[in-house]
Amino acid sequence: MLSATPFRASWPRAMRFSTSSGTVTLWMRALIAAAQAIEHYEITRYGTLLAWAKQLRLSEAEGLLQETLVEEENADEVLSELAEDAINPAAAA
């Protein structure tokens, strides 16, 4: 989590949300959402490239793309857990 700064403390109340782990800002929620959007884009791209590599029988590329796709899916899972557990506990229920 970000530490409290004078700038952060001055954000409007509507942009701050309290959780058991402290204050979570709208900006943190937006950053996580943006990061997830990037991961989703990457997952679709690597998935498409993987399908093409399979069709073209490019086994070396297929292996690398599969590995990268798994990494992107894992990153998305971490961001989802962060969003559900730390940012939006109601979604985890």
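Screening the range 29-63 for residues that are acidic (Asp, Glu) and touching a residue at least 24 places away in the same chain (Cβ under 8 Å) and picking the one that is farthest from ASP76 (Cα to Cα) gives GLU42.
Answer yes if at least one residue in the range 48-62 is surrounded by 13 or more Cβ atoms within 10 Å (Cβ to Cβ), part of a helix (DSSP H, G or I), at pLDDT below 95 and more than 8 Å from the chain's Cα centre (by Cα), and no otherwise. No, the range 48-62 contains no residue that is surrounded by 13 or more Cβ atoms within 10 Å (Cβ to Cβ), part of a helix (DSSP H, G or I), at pLDDT below 95 and more than 8 Å from the chain's Cα centre (by Cα). When ALA30 is tested against (1) modelled with pLDDT under 65; (2) exposed (fewer than 12 other Cβ atoms within 10 Å of the Cβ), exactly one condition is not met: (1).
The values are calculated or read from the model by the stated rules, or taken from the named source; none is laboratory data. What you are looking at is a predicted structure, and each value in this text was computed from that prediction instead of being measured. All Cβ positions, glycine included, derive from the backbone under ideal geometry; neighbour counts span all protein chains shown.
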